[in-house]
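Beneath this line is the structure, given in structure tokens, with notes to follow.
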Amino acid sequence: MIYQGSCHCKAVTFEIEAPADLDVDYCNCSICTKSGFLHLILPLSKFTLLSGAENLSTYTFNTGVAKHTFCQTCGMKAFYTPRSNPDGIDINVNCLDTKPNSVKIVEFDGQNWEVGAHKLAHKSVL
């Protein structure tokens with residue numbers, strides 16, 4: 001299924017290819033909890049940035065591997081490069097304009113990232 005997505009102000013738009021029924025991760029780490037991010041990790045080949053590249057800024061912390069991109073206008077983080085899958089893309093399901101048939105939320109203990117990161121590593125593989 002092809003999904004359309006965007007930041008809040010629509011300056012940044014994208015599309016992804018993903019199943020009609022989504023399994024997403026809820027992470028309890030500090031940045032995900034504060035931003036309300038629901039994770040859908042995909043291979044980068046399933047993502048297309050349609051507009052707004054010039055409107056994106058990047059925030060990094062800790063190891064610097066994750067590239068937290070956000071819209072400079074509205075501050076929304078609609079997608080980013082995750083530490084667990086630096087060759088992929090992580091979509092905030094809350095920023096999809098096209099709604100999936102269903103969403104199954106799986107808890108991920110991001111406060112103890114090193115212990116559980118291996119559970120996410122396969123998600124950017126085709």
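For the stretch 49-126, which chymotrypsin sites (Phe, Trp or Tyr not before Pro) are both in a DSSP coil and crowded by at most 10 other Cβ atoms within 10 Å?
On the way: sites: Tyr59, Phe61, Phe70, Phe79, Tyr80, Phe108, Trp113; in loops: Phe61.
Qualifying residues, ordered by number: Phe61.
Under a point-charge model restricted to the Cβ atoms of Lys and Arg (+1) and Asp and Glu (-1), what is the dipole moment magnitude of the stretch 2-121 relative to its Cα centre, in debye to the nearest 20?
Its charge dipole is roughly 240 debye.
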Worksheet entry | Length released on extending from Val106 to Gln4, taking residue separation times 0.36 nm less the Cα-Cα span | 34.4 nm
Discussion item. Would the stretch 2-121 count as rounded, prolate or oblate if I go by the C-alpha gyration tensor, calling it rounded below 1.5 in a/c and otherwise prolate when a/b exceeds b/c, oblate otherwise?
Written reply: oblate
Fill in: Helix-only CD estimate at 222 nm, as mean residue ellipticity for the chain, using -39500 (n - 2.57) per DSSP H run (n ≥ 4)
-1500 deg cm²/dmol
Worksheet item: Which ³J(HN,Hα) values in Hz, rounded to whole numbers, follow from the phi angles of the stretch 109-125 under the Karplus curve 6.51 cos²θ - 1.76 cosθ + 1.60, where θ = phi - 60° and Gly and Pro get x?
Response: 8, x, 5, 10, 3, 4, 6, x, 4, 4, 6, 9, 4, 7, 6, 9, 8
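Over 22 Å between Cα atoms: which of Lys10/Lys119; Lys99/Lys119; Lys46/Lys99; Lys10/Lys123 fall into that group?
Working: Lys10/Lys119 33 Å; Lys99/Lys119 26 Å; Lys46/Lys99 17 Å; Lys10/Lys123 27 Å.
From Lys10/Lys119; Lys99/Lys119; Lys46/Lys99; Lys10/Lys123, over 22 Å: Lys10/Lys119; Lys99/Lys119; Lys10/Lys123.
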Discussion item. Going Cα to Cα from Lys67, which aspartates and glutamates come in below 14 Å? Please leave out same-chain ones fewer than 8 positions away.
Written reply: Asp87, Asp90
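With an 8 Å Cα cut-off and a minimum separation of 6 or more residues, compute the relative contact order for the stretch 36-121 in percent. Walk me through the numbers before you get to the answer.
Numbers: 109 pairs, mean separation 23.7, N = 86.
Taking the mean separation of contacting Cα pairs over the length of the stretch 36-121, I get 28 percent.
Computed from the coordinates by the stated procedures, all read-outs in this text should not be read as laboratory data. Model, not experiment: these values are computed from the prediction. Virtual Cβ from ideal backbone geometry, glycine too; neighbours counted across all protein chains shown.
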